[in-house]
Amino acid sequence: MDRKRLAIILFGVAALIVVGVIGLVIAQAMFPNKPTVVVTPTAVAKPTQAATPTAATSTVSPLIFGTNIGLFDEHDQVVTSQNVQDMMKKMHVQIMRMPTRSNLTDALNTQAAQAIKNVGAVPLVALRGAQSPNVPQVTADDTRMINVMNQVFPDSTVYYEFGNEDDLNGVKIDSSNPAVPGKYVTVYLTGLGAVTPPVAEGAVDTVLSNVNSPVAVTVGGVPVADLEFKGLSPTLKSVYVMNIKIPFGLARGLQSLAVQTVEGFTDMVSIFVSGPN
C-alpha cells in the first residue's frame with residue numbers, strides 16, 4: 001500500500017515537471033528573443049539659472065553730465081591727481097571741457113588729454129577765438145591743440161568749440177567767475193561829474209547820458225583801450241556805469257582796476273582775472 005502511494009506521488013511530481021518544461025518551450029516559441037527591460041536612474045542635468053542683473057545702487061546725481069578743466073598751469077588737479085581722476089570715473093563724467101591756452105606746452109596738453117581719456121570721458125576742446133589781436137598766434141595755438149588731440153584720440157570722438165562761452169552776465173566777478181581778457185565787464189562807480197544830455201540830481205537817467213570829462217582806466221597797470229560806455233546808469237540814481245574790455249597780457253589772479261579823471265587817479269577795486277587766454 002505504501003509503495004502504491006509513493007508511486008502515485010512520484011508520478012504526480014514527474015507530471016508537473018513535464019508540464020512546466022512544455023509550458024516554457026511554448027512560451028519561447030511564442031515570444032522569441034524578447035528583450036529584458038532594465039530601468040536605471042539617469043543623471044539629468046539641472047538647467048543653469050541665468051544670472052539676473054541687479055541694478056547697482058548709485059548715489060551719483062543723474063544731472064551730472066560734464067565738467068571743466070581749468071588748466072591754467074601744470075598744477076591742475078585733474079592732471080596731477082590720480083585720486084581726482086578715479087573720483088570722476090566713479091561719477092561717470094561723460095564730457096570734460098578743456099581750454100586752449102597759448103602759455104601751455106604740448107606736453108601739458110597731452111597730459112591733460114590723457115587724463116580725460118583715463119576718466120573715460122569725451123573731450124570738448126575750447127579753441128581760441130579771434131578776439132585776440134594776434135590772429136596768427138591764435139591759429140598756431142589752435143593747430144597745436146588739434147594735433148595733440150589727434151594723437152591722444154586717434155579713433156575717438158573729440159568735440160571742438162570756437163571761442164570761449166559767454167561770461168556770467170550780472171554775476172559778481174571773483175575766482176569762480178573771473179574777468180576774461182578780451183571780454184567786457186561792467187563797473188559801477190560814483191563821482192564822474194556832469195553828463196550829456198544833463199540829468200537832474202537824484203533822478204534816474206532814461207537816455208544813457210555820457211560823461212563829459214575824459215576817463216582813463218587801467219587793469220593791472222595795463223591801459224584799457226576799449227571803453228565802450230561811460231555814463232549814468234539807466235536804473236540807479238546818481239550811479240555811473242562803465243563797460244570796459246579787459247586787456248590781454250594779464251597774469252591770473254587779483255588785478256587792480258584804477259580810474260583816472262580830471263579829479264585825479266584812484267585805485268578803485270581789485271578784480272580777479274582768468275589770466276592769459
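The values are calculated or read from the model by the stated rules, or taken from the named source; none is laboratory data. Everything numeric here is computed off the predicted structure, so don't read it as measured data. Note that each Cβ is placed from the backbone with ideal geometry, even for glycine, and that neighbours are counted across all protein chains shown.
For region 184-198, taking the residues that are polar (S, T, N, Q) and surrounded by 11 or more Cβ atoms within 10 Å (Cβ to Cβ), the one that is nearest to Leu227 (Cα to Cα) is identified as Thr186. Listed conditions (1) at pLDDT 90 or above; (2) in contact with an Asp or Glu (Cβ under 9 Å, 6 or more places away or on another chain); (3) buried (at least 17 other Cβ atoms within 10 Å of the Cβ) are all met by Arg144, apart from (3). Considering every residue within region 225-237, establish whether at least one is over 28 Å from Gly202 (Cα atoms) and either in contact with a helix residue (DSSP H, G or I) (Cβ under 7 Å, 6 or more places away or on another chain) or touching a residue at least 12 places away in the same chain (Cβ under 8 Å) (or both). Yes, the conditions are met somewhere in region 225-237. Contact map, region 159-183: residues that are more than 23 Å from Met242 (Cβ to Cβ) paired with residues that are at pLDDT 75 or above, Cβ distance under 6 Å, separation 6+ or inter-chain. Pairs shown: Tyr159/Leu124; Tyr160/Val125; Tyr160/Leu127; Glu161/Ala126; Phe162/Leu127. Of all residue pairs spaced 6 or more apart or on separate chains, none has beta-carbon atoms under 7 Å together with a first member in region 107-122 that is outside the structural domain of Thr80 (by TED's automatic domain parsing) and acidic (Asp, Glu) and a second member that is at pLDDT 95 or above and not in a helix (DSSP H, G or I).
Could you list all residues from region 209-230 that are on the phi > 0 side of the Ramachandran plot and surrounded by 17 or more Cβ atoms within 10 Å (Cβ to Cβ)? Don't jump to the end; show me each part of the working.
To start, the set of residues in region 209-230 that are on the phi > 0 side of the Ramachandran plot comprises 220-221.
Matches in region 209-230: Gly220 only.
Of the residues making up region 260-277, at least one is touching a Gly at 6+ places or on another chain (Cβ under 8 Å), outside any strand (DSSP E or B), buried (at least 17 other Cβ atoms within 10 Å of the Cβ) and in contact (Cβ under 8 Å) with a residue 60 or more places away in the chain.
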